[in-house]
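*Asks:* My structure is below; once you've seen it, I'll send some questions.
The values are calculated or read from the model by the stated rules, or taken from the named source; none is laboratory data. Remember, it's a predicted structure, so these values are computed and weren't measured experimentally. Every residue, glycine among them, receives a Cβ derived from its backbone with ideal geometry; neighbour counts consider all protein chains shown.
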Amino acid sequence: MRVDESVARYLFELEAARDASSHTVRAYRGDLDLFVQSLTTAESTSLAEISLEDCRSWVWSMSTAGDAASSIGRRVSAVKSFFHWAHARGDIPTNVATRLSAPKKPAHLPRVVSASVMGRVLNELENRAATGDPIALRDLAIWELLYASAIRVSELVGIRLSDIDWSDSTVRVLGKGAKERVVPFGDPARKAIRVYCDIARPELPVSADTTHLFVGARGKPLTTRTVYGIVSAIIGAMPGAGPKGPHILRHTAATHLLDGGADLRSVQEILGHSSVGTTQIYTHVSSERLKKAYASAHPRA
């Protein structure tokens with residue numbers, strides 16, 4: 001069977017038999033069309049004639065053309081899925097795409113807020129909270145806890161009143177994979193959370209059965225979307241490009257911990273990473289900051 005005919009049959013089955021969405025089928029069609037067009041004799045080439053080198057040549061041509069690694073990765077995934085289907089049907093004796101791989105995506109260092117900028121933001125939040133407004137007091141507590149503990153926003157909104165241990169300034173959170181861990185936080189966060197719990201939260205219309213720590217103006221538990229809006233409204237005004245969500249506070253806290261001398265294993269435990277390799281990206285961030293400081297300060301840099 002010609003390769004273009006086989007692709008058409010695969011897409012038909014993908015849409016009909018597997019009940020794939022129209023968006024998925026359209027994406028696969030576009031990616032597989034690009035692959036077929038890369039074959040010099042697509043009209044007469046049978047699927048069984050395609051070699052691993054043909055596939056690799058296609059990937060190489062996309063790389064040299066400057067296509068984004070993410071786009072190439074998606075296209076390679078579509079081709080691998082197609083060949084897997086054809087082999088499972090018995091249309092080809094060997095799945096040549098098994099060993100096909102896409103170029104690795106370049107590592108993007110996370111956006112980090114400097115300690116000086118973080119200090120100015122916290123001062124501004126403290127000034128707002130000084131008015132006694134319960135929402136301003138809540139927002140200060142949220143910001144302080146996110147920065148102090150480096151927890152995820154999903155972990156933050158899941159915190160209940162009983163999860164705070166005031167005696168040793170720790171909070172119990174439920175992370176990815178339903179893994180529970182206990183994370184410490186500092187005195188400024190402790191003070192902000194205490195004031196929020198003692199003064200601000202009682203002023204909000206919270207029902208007696210609501211045990212979540214952070215609630216909204218209507219007394220309902222906060223959602224991740226609401227916290228994203230709270231944080232992004234402030235981060236959006238900060239200098240520097242990049243994401244504006246609350247995850248930046250997690251990146252920032254991890255980087256500042258390493259800058260301050262914390263060992264990698266401790267930071268790994270605080271972040272809740274299952275592998276220390278995931279945590280190591282923050283060492284690169286710290287190295288970049290060190291290089292910039294050296295370049296700007298050393299007379300023979």
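*Asks:* Quick one: GLU180 ticks every box in (1) under 18 Å from GLU269 (Cβ atoms); (2) touching a residue at least 12 places away in the same chain (Cβ under 8 Å) except a single one, so which number is it?
*Replies:* (2)
*Asks:* Somewhere in region 196-209, is a residue in the same structural domain as ALA254 (by TED's automatic domain parsing), among the small types (Gly, Ala, Ser), within 22 Å of GLY272 (Cβ to Cβ) and not in a helix (DSSP H, G or I)?
*Replies:* Among the residues of region 196-209, not one is in the same structural domain as ALA254 (by TED's automatic domain parsing), among the small types (Gly, Ala, Ser), within 22 Å of GLY272 (Cβ to Cβ) and not in a helix (DSSP H, G or I), which makes the answer no.
*Asks:* Go through SER46, SER63, SER51, SER70 for me and flag whichever is touching a strand residue (DSSP E or B) at 6+ places or on another chain (Cβ under 9 Å), among the polar types (S, T, N, Q) and surrounded by fewer than 18 Cβ atoms within 10 Å (Cβ to Cβ).
*Replies:* Result: SER46 is the single residue among SER46, SER63, SER51, SER70 that is touching a strand residue (DSSP E or B) at 6+ places or on another chain (Cβ under 9 Å), among the polar types (S, T, N, Q) and surrounded by fewer than 18 Cβ atoms within 10 Å (Cβ to Cβ).
*Asks:* Now for a different question. Scan region 48-78 residue by residue and report those that are over 16 Å from GLN37 (Cβ atoms) and not in a helix (DSSP H, G or I).
*Replies:* Within region 48-78, SER51, GLY66, ALA68 meet the criteria.
*Asks:* Looking for whichever is surrounded by 15 or more Cβ atoms within 10 Å (Cβ to Cβ), farther than 30 Å from THR283 by Cα, small (Gly, Ala, Ser) and assigned by TED's automatic domain parsing to the domain that holds LEU140 here; the options are GLY216, GLY245. Which one fits? It would help to see each step written out before you state the result.
*Replies:* Working: GLY245 fails: farther than 30 Å from THR283 by Cα.
After applying the criteria, what remains is GLY216.
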